[in-house]
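Visitor: Supplied in structure tokens, the structure appears directly below.
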Amino acid sequence: MRIRSKVQSSDNRQRTNELNAETADSAWKSLYKVGGVAALIVVVLTLSEIGGFTFYPQPDTVAGWFALFQSNKIIGLLDFWGLEVPMYALFIIVFLALYVVLRKVNEGWMAIAVTLALIGSGIFLATNNPFSMLSLSNQYAAATTDAQRSMFLAAGQALLANTNQRIVGGFNMGLFLVSVAGLIVSLIMFRSNSFSRLTAYVGILANALSLADYLREALMPSVAVVALLVILPNALFLGIWFVLVGRKLYKLGGTAKHGGVD
């Protein structure tokens, strides 16, 4: 009787643990779905940005930026990395969802990854504001003296320098931190049953190329051939990775379980 009672008690505890795990997973169901949709939107925004930069190349000078904003405000906002503002905000949602899925594999490293992603996104959002450049462009157009125009050109140059800093701060530091976070997440995916090895491999390649692009901008920003060799494959593999991640997160949102594999 005692043996049977112990077996029944053990079975009951196991059922309770399984029920609690399923309940915990279900509690994150909405985050998985939102994270999946966010990842897919990132892909659309990335492709749209590439198309925009191809058809509407960015100006080389502050005066060129002001002229672009005055001729077409929408194109000016898009060319001034406008699509990356919602993109980096969506990164936060994606990495939070990935943290919840992969925290059981390695909670410590996932905490580091999501922290880096949050800091990187915050740096970008704090230092890249296309509406500030639009405002300066409008003030420059309304200026009536050379002194006023010189003042707004200097302000525009400072804003552009803050957005395009090399090595420290601004856009590139945000890219660097998010790429490191993505690389950590991709390595953890190898030990998870929720994501396939294909997703992990593509993630490692994509985020490694992002880091290579960061170094390329820092060391030889004017070498167009090198830029194309890094930027185009980077955009391709990042797009594939976010599609794989987004599809899986959305699927997890429907099942609320972590056992499936791509």
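Visitor: Can you tell me how many residues in segment 83-108 are among the charged types (D, E, K, R), in contact with a Phe, Trp or Tyr (Cβ under 9 Å, 6 or more places away or on another chain) and surrounded by fewer than 20 Cβ atoms within 10 Å (Cβ to Cβ)? Write out each step before concluding.
Guide: Within segment 83-108, the subset among the charged types (D, E, K, R) is 84, 103-104, 107.
Next cut, in contact with a Phe, Trp or Tyr (Cβ under 9 Å, 6 or more places away or on another chain) only: 84, 107.
Now narrow it down to the ones that are surrounded by fewer than 20 Cβ atoms within 10 Å (Cβ to Cβ): 107.
Adding up the residues that qualify gives 1.
Visitor: If you take the residues of segment 10-45 that are of a type in the set (V, I, T) and modelled with pLDDT of 90 or more, which of them is farthest from P233 (Cα to Cα)? Quick ask: steps written out before the conclusion?
Guide: Start the filter on segment 10-45 by keeping residues that are of a type in the set (V, I, T), which leaves 16, 23, 34, 37, 41-44.
This time we only want the ones that are modelled with pLDDT of 90 or more, so: 34, 37, 41-44.
On the way: V34: 27, V37: 23, I41: 19, V42: 16, V43: 14, V44: 16 Å.
By that ranking, first place goes to V34.
Visitor: Checking Q148 against (1) at pLDDT below 90; (2) surrounded by fewer than 21 Cβ atoms within 10 Å (Cβ to Cβ), which test does it fail?
Guide: The single condition Q148 does not satisfy is (1).
Visitor: Answer yes or no as to whether Y56 is free of Cβ contacts under 8 Å to residues at least 24 places away in the same chain and within 20 Å of G246 (Cα to Cα). Spell out how you get there, then give the answer.
Guide: On the way: free of Cβ contacts under 8 Å to residues at least 24 places away in the same chain: yes; within 20 Å of G246 (Cα to Cα): no.
It is false that Y56 is free of Cβ contacts under 8 Å to residues at least 24 places away in the same chain and within 20 Å of G246 (Cα to Cα).
For (1) buried (at least 19 other Cβ atoms within 10 Å of the Cβ); (2) touching a helix residue (DSSP H, G or I) at 6+ places or on another chain (Cβ under 6 Å), each residue gets a yes or a no:
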| residue | (1), (2) |
| --- | --- |
| Q70 | no, yes |
| I75 | no, no |
| S121 | yes, yes |
| N128 | yes, yes |
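Visitor: Now for a different question. Taking T144 as meeting all but one of (1) in a helix (DSSP H, G or I); (2) more than 27 Å from Y214 (Cα to Cα); (3) more than 25 Å from the chain's Cα centre (by Cα), write down the number of the exception.
Guide: Single failed check for T144: (1).
Per-residue answers, yes or no, for (1) at pLDDT below 80; (2) part of a loop (DSSP other than H, G, I, E, B); (3) within 25 Å of A89 (Cβ to Cβ); (4) among the charged types (D, E, K, R):
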| residue | (1), (2), (3), (4) |
| --- | --- |
| S132 | no, no, yes, no |
| A158 | no, no, yes, no |
| A200 | no, no, no, no |
| A208 | no, no, yes, no |
| I231 | yes, no, yes, no |
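Visitor: Can you tell me which residue among S137, S192 is in contact (Cβ under 8 Å) with a residue 24 or more places away in the chain, part of a helix (DSSP H, G or I) and of a type in the set (S, T, N, Q)?
Guide: Working: S192 fails: part of a helix (DSSP H, G or I).
Exactly one of S137, S192 is in contact (Cβ under 8 Å) with a residue 24 or more places away in the chain, part of a helix (DSSP H, G or I) and of a type in the set (S, T, N, Q), namely S137.
Visitor: With respect to F80, determine if the residue is within 30 Å of S30 (Cα to Cα), buried (at least 18 other Cβ atoms within 10 Å of the Cβ) and in contact (Cβ under 8 Å) with a residue 24 or more places away in the chain. I'd like the intermediate steps shown before the answer.
Guide: On the way: within 30 Å of S30 (Cα to Cα): no; buried (at least 18 other Cβ atoms within 10 Å of the Cβ): yes; in contact (Cβ under 8 Å) with a residue 24 or more places away in the chain: yes.
No, not satisfied.
Visitor: Can you pull out the residues in segment 49-66 that are in contact with a helix residue (DSSP H, G or I) (Cβ under 8 Å, 6 or more places away or on another chain) and either farther than 22 Å from G156 by Cβ or in a helix (DSSP H, G or I) (or both)?
Guide: Hits for segment 49-66 are E49, I50, G52, F53, V62, A63, W65, F66.
Visitor: Would you be able to tell me the number of residues in segment 68-108 that are aromatic (F, W, Y) and over 25 Å from V43 (Cβ atoms)?
Guide: Of all residues in segment 68-108, those aromatic (F, W, Y) come to 69, 80-81, 88, 91, 95, 99.
Restricting the remaining residues to those that are over 25 Å from V43 (Cβ atoms) gives 69.
Qualifying residue count, segment 68-108: 1.
Visitor: Would you check if there is a residue in segment 109-117 being assigned to a helix (DSSP H, G or I) and over 16 Å from the mean Cα position of the chain (by Cα)? Spell out the reasoning first.
Guide: Initially, segment 109-117 is screened for residues assigned to a helix (DSSP H, G or I), giving 109-117.
Pick out the ones that are also over 16 Å from the mean Cα position of the chain (by Cα) and you get 109, 111.
Among the residues of segment 109-117, at least one is assigned to a helix (DSSP H, G or I) and over 16 Å from the mean Cα position of the chain (by Cα), which makes the answer yes.
The values are calculated or read from the model by the stated rules, or taken from the named source; none is laboratory data. The shown structure was predicted, so the numbers you read here are calculated from the model rather than taken from an experiment. As a convention, Cβ positions derive from the backbone with ideal geometry for all residues, glycine included, and neighbour counts pool all protein chains shown.
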